[in-house]
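Novice: Input: one structure, supplied below.
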Amino acid sequence: MQQPKTYSVDEATRLLENYCVYRERCHKEIEQKLYDLKMIPEAKEKILLHLMQHNFLNEERFAKAFVRGKFNIKKWGKIKITNELKFRNISAYNIKSALKEIDQNDYLTSLQQLADKKLPLIKESNSYKKSQKLSTYLISKGYENNLVYEIVKNCVKY
């Protein structure tokens with residue numbers, strides 16, 4: 001059986017620098033990578049400290065990039081984005097700060113576009129059930145209930 005490759009602190013540091021350069025990472029992803037590399041606790045701390053001091057790892061920058069990406073590309077709502085950031089152990093301050101990246105007008109426009117795109121795809125003659133399915137879809141994308149209710153009320157005619 002082949003022995004797993006072991007890394008020196010310098011090798012692991014360079015590996016993780018490249019890992020962080022590829023795209024923004026959060027602490028949780030780096031800690032998982034260090035665990036996968038089977039680094040000892042002292043080495044993990046030294047590498048994490050190095051990455052933060054040299055600005056490879058920045059939680060606030062990660063949170064802002066994450067919010068922009070998930071909103072602009074995947075059209076996620078604030079609730080879903082917030083839950084994903086919490087799952088990644090991002091602080092409440094950084095989450096709040098990152099959510100400011102979303103312009104409120106763009107947010108409402110995006111919600112309206114999602115509803116307009118989804119509505120013709122719902123094959124349901126009963127307008128109540130149709131609005132129910134549209135609401136469920138929009139809420140599953142992470143949009144707030146009150147906004148979804150307003151959009152659905154204006155989209156589905158009874």
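Novice: Looking at 152, 67, 148, 156, can you tell me which residue is hydrophobic (A, V, I, L, M, F, W, C) and closer than 24 Å to residue 27 by Cα?
Specialist: On the way: 152 fails: closer than 24 Å to residue 27 by Cα; 148 fails: closer than 24 Å to residue 27 by Cα; 156 fails: closer than 24 Å to residue 27 by Cα.
Of the residues listed, the single one that is hydrophobic (A, V, I, L, M, F, W, C) and closer than 24 Å to residue 27 by Cα is 67.
Novice: Within the stretch 83-94, how many residues are over 10 Å from residue 63 (Cα atoms), polar (S, T, N, Q) and part of a helix (DSSP H, G or I)?
Specialist: 1
Novice: Here's a check for you: in the stretch 1-57, which residue that is among the aliphatic types (A, V, I, L, M) and part of a loop (DSSP other than H, G, I, E, B) is farthest from residue 84 (Cα to Cα)? Show your work before the answer.
Specialist: The initial filter retains those residues of the stretch 1-57 that are among the aliphatic types (A, V, I, L, M), namely 1, 9, 12, 15-16, 21, 30, 34, 37, 39-40, 43, 47-49, 51-52, 57.
Filter once more, so that each one left must be part of a loop (DSSP other than H, G, I, E, B): 1, 37, 39-40, 57.
Numbers: 1: 39, 37: 25, 39: 27, 40: 28, 57: 18 Å.
The extreme case among them is 1.
Novice: Moving on to the next point. Answer yes or no: is there a residue in the stretch 60-76 that is under 30 Å from residue 137 (Cα atoms), aliphatic (A, V, I, L, M) and exposed (fewer than 12 other Cβ atoms within 10 Å of the Cβ).
Specialist: Yes: the stretch 60-76 contains one or more residues that are under 30 Å from residue 137 (Cα atoms), aliphatic (A, V, I, L, M) and exposed (fewer than 12 other Cβ atoms within 10 Å of the Cβ).
Conditions tested, residue by residue: (1) without any contact (Cβ under 8 Å) to a residue 60 or more places away in the chain; (2) over 29 Å from residue 59 (Cβ atoms).
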{"position": "101", "(1), (2)": "yes, no"}
{"position": "124", "(1), (2)": "yes, yes"}
{"position": "136", "(1), (2)": "yes, yes"}
{"position": "143", "(1), (2)": "no, no"}
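Novice: Could I ask something else about it? Mind telling me which of the residues 122, 90, 81, 139 ends up being outside the structural domain of residue 24 (by TED's automatic domain parsing) and at pLDDT below 95? Explain how you work it out, then say what you get.
Specialist: Numbers: 90 fails: at pLDDT below 95; 81 fails: at pLDDT below 95; 139 fails: at pLDDT below 95.
122 is the lone residue from the list that is outside the structural domain of residue 24 (by TED's automatic domain parsing) and at pLDDT below 95.
Novice: Given the residues 97, 135, 110, which is the only one that is touching a Lys or Arg at 6+ places or on another chain (Cβ under 7 Å), small (Gly, Ala, Ser) and outside any loop (DSSP other than H, G, I, E, B)? Can you show your working first?
Specialist: Values: 97 fails: touching a Lys or Arg at 6+ places or on another chain (Cβ under 7 Å); 135 fails: touching a Lys or Arg at 6+ places or on another chain (Cβ under 7 Å).
Of the residues listed, the single one that is touching a Lys or Arg at 6+ places or on another chain (Cβ under 7 Å), small (Gly, Ala, Ser) and outside any loop (DSSP other than H, G, I, E, B) is 110.
Novice: It is to be established whether one or more residues within the stretch 42-58 are among the acidic types (Asp, Glu) and more than 30 Å from residue 151 (Cβ to Cβ).
Specialist: Taking the stretch 42-58 first, the residues among the acidic types (Asp, Glu) are 42, 45.
In the following step, the residues that additionally are more than 30 Å from residue 151 (Cβ to Cβ) were identified as 42, 45.
Looking through the stretch 42-58, at least one residue is among the acidic types (Asp, Glu) and more than 30 Å from residue 151 (Cβ to Cβ).
Novice: Checking residue 55 against (1) at positive phi; (2) touching a residue at least 24 places away in the same chain (Cβ under 8 Å), which test does it fail?
Specialist: Here residue 55 meets the rest and fails (2).
Novice: Could you look through the stretch 79-100, keep only residues that are surrounded by 17 or more Cβ atoms within 10 Å (Cβ to Cβ) and more than 10 Å from the chain's Cα centre (by Cα), and pick out the one that is nearest to residue 31 (Cα to Cα)?
Specialist: Looking at the filtered set, the residue picked out is 90.
The values are calculated or read from the model by the stated rules, or taken from the named source; none is laboratory data. Note that the structure is predicted; figures quoted are calculated from it, not measured. So basically every Cβ, Gly included, is an ideal-geometry build from the backbone, and we count neighbours across all protein chains shown.
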